[in-house]
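The next block holds one structure in the form of structure tokens; read it before the comments.
The values are calculated or read from the model by the stated rules, or taken from the named source; none is laboratory data. The structure presented is a predicted model; accordingly, all values stated were derived computationally and were not measured. Please note: Cβ atoms are built from the backbone with ideal geometry, for glycine as well, and neighbour counts cover all protein chains shown. SASA here: full protein model, heavy atoms, side chains in, ligands and nucleic acids out. Shrake-Rupley method; radii C 1.70, N 1.55, O 1.52, S 1.80 Å.
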Amino acid sequence: SWPRCSTSFERRRVSCHDRDTVWLIFAPMKVTAEICVIPLGVGLSVSRYIAACQPILEAWHLKPQLHAYGTNVEGEWDDVFAAFKECHQTIHDLGAPRVHTTIKVGSRTDRPQTNDDKIAAVRGSSE
């Protein structure tokens, strides 16, 4: 028999179950995030390691915005974290024995919002 399903829009998930199994199917979640990657054990200059992450973030279509202390991105949760993992692996592949990363993540369900929207809102409030 086919599984029975119920939907919870508040939690953005679908629960399905048959006699033996329960599945939770989550809807895609858009996030904005900041990543600050610090390669350790590679000397004082780390710019080439940071630069190696930019094409990765672009390839995942995360609209990276580099700034002095990190990079802002936006996209689906799974894509963002897959790209972050690829950045870590790439930095290790370039010879960094350790990588320390700080990640900030935000999501909202009431309306779509991009990093550009957030910047525009702040600039509009200060004028």
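I need the full set of residues from the range 37-62 which are polar (S, T, N, Q) and within 16 Å of Phe84 (Cβ to Cβ), in order please. If you could, list the steps in order and put the result at the bottom.
So in the range 37-62, the residues polar (S, T, N, Q) come out as 45, 47, 54.
Correct list: Gln54 only.
Is it the case that some residue within the range 66-73 is in a strand (DSSP E or B), β-branched (Val, Ile, Thr) and open to solvent by less than 60 Å² (accessible area, probe 1.4 Å)? Spell out the reasoning first.
Filtering the range 66-73 for residues in a strand (DSSP E or B) gives 66-67, 70-73.
Add one more test, that the residue is β-branched (Val, Ile, Thr), and what stays is 71, 73.
From what's left, open to solvent by less than 60 Å² (accessible area, probe 1.4 Å): 71, 73.
Looking through the range 66-73, at least one residue is in a strand (DSSP E or B), β-branched (Val, Ile, Thr) and open to solvent by less than 60 Å² (accessible area, probe 1.4 Å).
Residue by residue through the range 25-40, note down the ones that are over 15 Å from His67 (Cα atoms) and either open to solvent by 70 Å² or more (accessible area, probe 1.4 Å) or in contact with a Phe, Trp or Tyr (Cβ under 7 Å, 6 or more places away or on another chain) (or both).
Ile25, Phe26, Pro28, Met29, Lys30, Val31, Pro39, listed by residue number.
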